[in-house]
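I have placed the structure first, in the form of structure tokens, so that the comments after it can refer back to it.
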Amino acid sequence: MKKPSLIIGKKQIIMTCLTLMLAVAVYINYAASPDIMKKEKEVVNNGQTDTINYGETEFVNADIASGDYFAQARLDKMNDRDAAVQTLQSIIGGGDITEDEMVVNALDAVQVSKLIESEGTIESLIKAQGFQDCVAYLDGENAKIVVKTEGLDKAQAASIKEIILGETEVPAENIRIFEVK
């Protein structure tokens, strides 16, 4: 009969480390999060009022300066694109993928770079049409455009759609235009 050995292998060490890291991350998330269960509600007990809060609320339709909106939107879009590019680079640089997977990943990276270039071109052309500011979001199948304007008429919307159709292969029914005042 073979004796069971108590040799700790690499897999056991890695699994233990990952479990500990997960536990630490959960604890940090719990410790750093705001107390969700704060209770504030007015309750009348024998002439006294107590307060119970069921969470914090935030007014989401608050007036924001449109310049701040466009600056934040560009920053968010740039961060998302950087993360996507970094993920694709790490996948391409990985050693455990086949050549077919590497080709698919390279094509995805080219597609992302084309979308970024098209977004910049569309934004520039829309600003050239006389709009104060603009942010374009493309994902290959859909186009979402946010423009700063005091009122968007049908002719302006048609000119924006014409710009998008000239720069991309997005169908006209998948183009959405939003205005920010």
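Just to check I understand the Karplus step: with θ = phi - 60° and J = 6.51 cos²θ - 1.76 cosθ + 1.60, what whole-Hz values come out for the stretch 13-27, glycine and proline as x?
Along the stretch 13-27, the couplings run 5, 5, 5, 5, 5, 5, 5, 5, 5, 5, 4, 5, 5, 5, 5 Hz.
Mark the label point 7 Å from the Cα of Ala71 along Cα→Cβ and return the residues of the stretch 114-134 whose backbone N is within less than 16 Å of it.
Counting only backbone N, you get 133-134.
How large is ³J(HN,Hα) for each residue in the stretch 129-137, as worked out from phi by the Karplus curve 6.51 cos²θ - 1.76 cosθ + 1.60 (θ = phi - 60°), to whole Hz, x for Gly and Pro?
Computed from phi, the couplings for the stretch 129-137 are 6, x, 7, 5, 8, 7, 9, 10, 10 Hz.
Give, in whole angstrom and from largest to smallest, the semi-axes √(5λ) of the equivalent ellipsoid of the stretch 70-155, with λ running over the eigenvalues of the Cα gyration tensor.
33, 13, 9
Using only the alpha carbons of the stretch 123-174, what is the convex hull's orientation-averaged projected area in square nanometres?
Average of the hull's projected areas for the stretch 123-174 equals 3.3 nm².
Which residues' amide hydrogens lie under 5 Å from the amide hydrogen of Glu179, considering only partners 5 or more residues apart or on another chain, with H built in the peptide plane?
HN-HN under 5 Å from Glu179: Val147.
Ser159 to Ile7: extension gain in nm, 0.36 nm per residue of separation minus the Cα-Cα distance?
Residue separation times 0.36 nm, minus the Cα-Cα distance, leaves 47.6 nm.
Got a sec? What order do Val147, Val26, Val180 fall in by accessible area at 1.4 Å, biggest, i.e. largest, first?
Val26, Val180, Val147
With θ set to phi - 60° and the Karplus curve 6.51 cos²θ - 1.76 cosθ + 1.60, what are the ³J(HN,Hα) couplings of the stretch 147-164 in order, to the nearest whole Hz, using x for Gly and Pro?
Karplus-based 3J(HN,Hα) across the stretch 147-164 equals 10, 8, 7, 8, x, 9, 9, 5, 5, 5, 4, 5, 5, 5, 4, 5, 4, 5 Hz.
Which of the GluC sites (Glu not before Pro) across the stretch 97-175 are loop residues per DSSP, with 12 or fewer other Cβ within 10 Å?
Passing both the DSSP loop test and the Cβ count: Glu141, Glu150, Glu169.
At 0.36 nm per residue, and after removing the present C-alpha to C-alpha distance, how many nm does the segment from Val85 to Val112 gain when stretched out fully?
9.0 nm
Skipping prolines and chain starts, which residues have an amide H placed within reach, meaning under 5 Å, of the one on Gln132, given they are 5 or more residues away or on another chain?
For Gln132, whose amide H was placed from the backbone, the distant partners under 5 Å are Lys148.
Would you please give the FRET efficiency between Gln132 and Thr16, computed as 1/(1 + (r/R0)^6) with r the Cβ-Cβ distance and R0 = 45 Å, to the nearest 0.05?
In this case the efficiency is close to 0.20.
The values are calculated or read from the model by the stated rules, or taken from the named source; none is laboratory data. If you're wondering where the values come from, they're calculated on a predicted model, not measured in any experiment. With ideal geometry, Cβ positions are generated from the backbone for all residues, glycine too; neighbour counts draw on all protein chains shown. For the accessible areas, the whole protein counts, side chains as well, though only heavy atoms, and no ligand, DNA or RNA atoms are used. Shrake-Rupley method; radii C 1.70, N 1.55, O 1.52, S 1.80 Å.
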